[in-house]
Amino acid sequence: MRVHCLGSIDELNASIGFAGVLLPIKPEIDFKSIQNDLLNIGAEISIPNSEKDFLDQDRIDYLDKKIELINNDLPPLKEFILPGGNDVCSRIHLSRSICRRAERDLVSLNNKEQISPEILQYINRLSDY
């Protein structure tokens, strides 16, 4: 299960990089920091029972603040958003769905052996970013 999670996190990281190449500089910087977080999550998953925390609450708070800023600039949602629209949007939707799969994989791993709650919370928030 651990290897399965690592594969999902790696795929998510690659998909974010794939989406990020089409973005202006500022969101690309955000994407790179998220990709670094995913590398840290992978490191923590790779080392069972590590005493080192590779991800802390500050990174979750960062995502929450970014989500709030984005939501404040958008009109209220009245219906589900269909994936697609253009190349960038399609790539971001694909990353979101891969993130959801990674979250399911991490929850399954957590049901067998406890992993950091910050990892679970971060991946959950990332899918809303």
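Nothing in this text is a laboratory measurement; each read-out follows from the coordinates by a stated rule. In this text the structure is predicted, and so the values were computed from the model without any measurement. Note that we place each Cβ from the backbone using ideal geometry, even for glycine, and neighbour counts take in every protein chain shown.
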Highest average packing first - 114-123, 44-53, Cβ atoms within 10 Å:
114-123, 44-53
Rough spin-label spacing in nm, given labels placed 7 Å along Cα→Cβ, for Arg104 and Ala14:
1.9 nm
Just want the answer: with Cβ charges of +1 for Lys and Arg and -1 for Asp and Glu, which residue in Ile98, Pro24, Ile67 is farthest toward the dipole's positive end in the chain?
Ile98
Connecting every pair of Cα atoms under 10 Å apart in the chain and solving the GNM, the largest mean-square fluctuation among Phe80, Phe18, Phe54 falls on Phe80
In region 10-114, lysine pairs 8 or more places apart or on different chains with C-alpha atoms under 22 Å apart total 6
Leu77-Met1 pseudo-label distance in nm [points 7 Å out on the Cα-to-Cβ vector]:
2.8 nm
By the Cα gyration tensor axes a ≥ b ≥ c (a/c under 1.5 gives rounded; else a/b larger than b/c gives prolate, otherwise oblate), the shape of region 1-70 is oblate
Counting Lys and Arg as +1 and Asp and Glu as -1, what is the net charge of the other residues whose Cβ lies under 12 Å from the Cβ of Leu106?
0
So which residue, out of Asp87, Asp56, Asp30, gets the largest mean-square fluctuation from a GNM of the chain using Cα contacts under 10 Å as springs?
Asp87
